[in-house]
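Down below is the structure, laid out as structure tokens.
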Amino acid sequence: MKREMLRIEGLHKRFGSLIVLNDVSFNIYEGEFVCVLGPSGCGKTTILRIIAQLISFDEGRIFVLGRDINSNEEDGYLDDLSVVFQEPRLLYWRKVEENVKLALELKRGVVGDRDGATVREALSLVGLSDFADAFPHELSGGMKQRVALARALVTEPSILLMDEPLTGLDLRTREELQDEILRIWKEKSMTAIFVTHDPLEAIYMGDRIIVLSDRPTMVRDTLKVPLNRPRNRHDRRMKELESCIRELFVLPDYGCLEPDGIS
């Protein structure tokens, strides 16, 4: 049995009178690439922000690497996590290398000479070694998101959280970055949690798919993707599985993907 990296039990979240999350529970295990799939506005981003301790929650428990984040054991657990947001969120007055270095500055306070090599390695990993001295305004949208990915990777996290990081990119760039993310995930042996509202993207990238309902959000189902890696976007089974998931949104009891038995 693989080590449990993340466990969410009975998560509830309100914003005023609006119930966003209603008893959300799931588990994620070491080395998995798990996609969290749901309609826009259902609370996918809220879940990631709660895991990263960017916002609070009302009820439930969250365990990261066995540590309860609501207890005194939470100290230092954020060192195990990095987040890639929907927007790159780069500092326009800092060059690419300095934007990546920011993650180390926030984590350690002081950045030493050895950290320069760590930053360069992260840039190499995302294919931006030649752009270390560029400013954000000199980069394309896809390149900016690569910088954001490098910034998340430079701290060598055990768990990488990604909140629809490819939204707004053209199709070709989006597919290129999907493959880059999968390559890095495999190379670094990380655990990845990838939020998306695109069923086809979830099928292409995920080992498992956590399917969320509309608000108030619950886990509608957790599904294994029965396709070997590397996957072919032109495989007819991709479209068949996409249709199955779209039917699941309409008919909760309908399904032609194998339910996952461990969540």
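Summary table below
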read-out: Entry for semi-axes √(5λ) of the Cα gyration tensor in Å (calculated from the structure that is shown) out of (1) 32, 18, 17; (2) 54, 19, 11; (3) 30, 23, 17; value: (3)
read-out: Environment charge at Ser82 (Cβ cut-off 12 Å; Lys +1, Arg +1, Asp -1, Glu -1); value: -1
read-out: GNM top mover of Ile19, Ile203, Ile193 - the chain, alpha-carbon springs below 10 Å; value: Ile19
read-out: Inter-centroid distance (Cα atoms) of region 111-168 relative to region 3-28, Å; value: 30 Å
read-out: Mean separation of Cα contacts under 8 Å, 6 or more apart, over the residue count of the chain: relative contact order %; value: 25 percent
read-out: Coil-residue trypsin sites (Lys or Arg not before Pro) of region 1-37, DSSP, other Cβ within 10 Å capped at 15; value: Lys2, Arg3
read-out: Rounded Å value of the spacing that divides the Cα centres of region 204-244 and region 176-199; value: 14 Å
read-out: Cross-link reach list, aspartates and glutamates versus Lys95, counting only Cα pairs under 19 Å and skipping chain neighbours closer than eight places; value: Glu87, Glu105, Asp113, Asp115, Glu121, Asp130, Asp133, Glu138
read-out: 222 nm mean residue ellipticity, helices alone, for the chain (DSSP H n ≥ 4; -39,500 (n - 2.57); rounded to 500); value: -10000 deg cm²/dmol
read-out: Kyte-Doolittle at least -0.5, axis length at least 15 Å by Cα - qualifying DSSP helices, the chain; value: 96-108, 114-125, 141-153, 236-250
read-out: Residue of Phe33, Phe57, Phe15 that the Gaussian network model of the chain assigns the largest fluctuation, springs spanning Cα pairs under 10 Å; value: Phe15
read-out: FRET efficiency, 1/(1 + (r/R0)^6) with R0 25 Å, evaluated for Asp170 and Glu240 via beta carbons; value: 0.45
read-out: Residues whose placed amide H lies under 5 Å from that of Val84, excluding near-sequence neighbours; value: Leu161, Met162, Asp163
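Bear in mind these aren't lab numbers, they're just calculated from the coordinates by the rules spelled out. The shown structure was predicted, so the numbers you read here are calculated from the model rather than taken from an experiment. All Cβ positions, glycine included, derive from the backbone under ideal geometry; neighbour counts span all protein chains shown.
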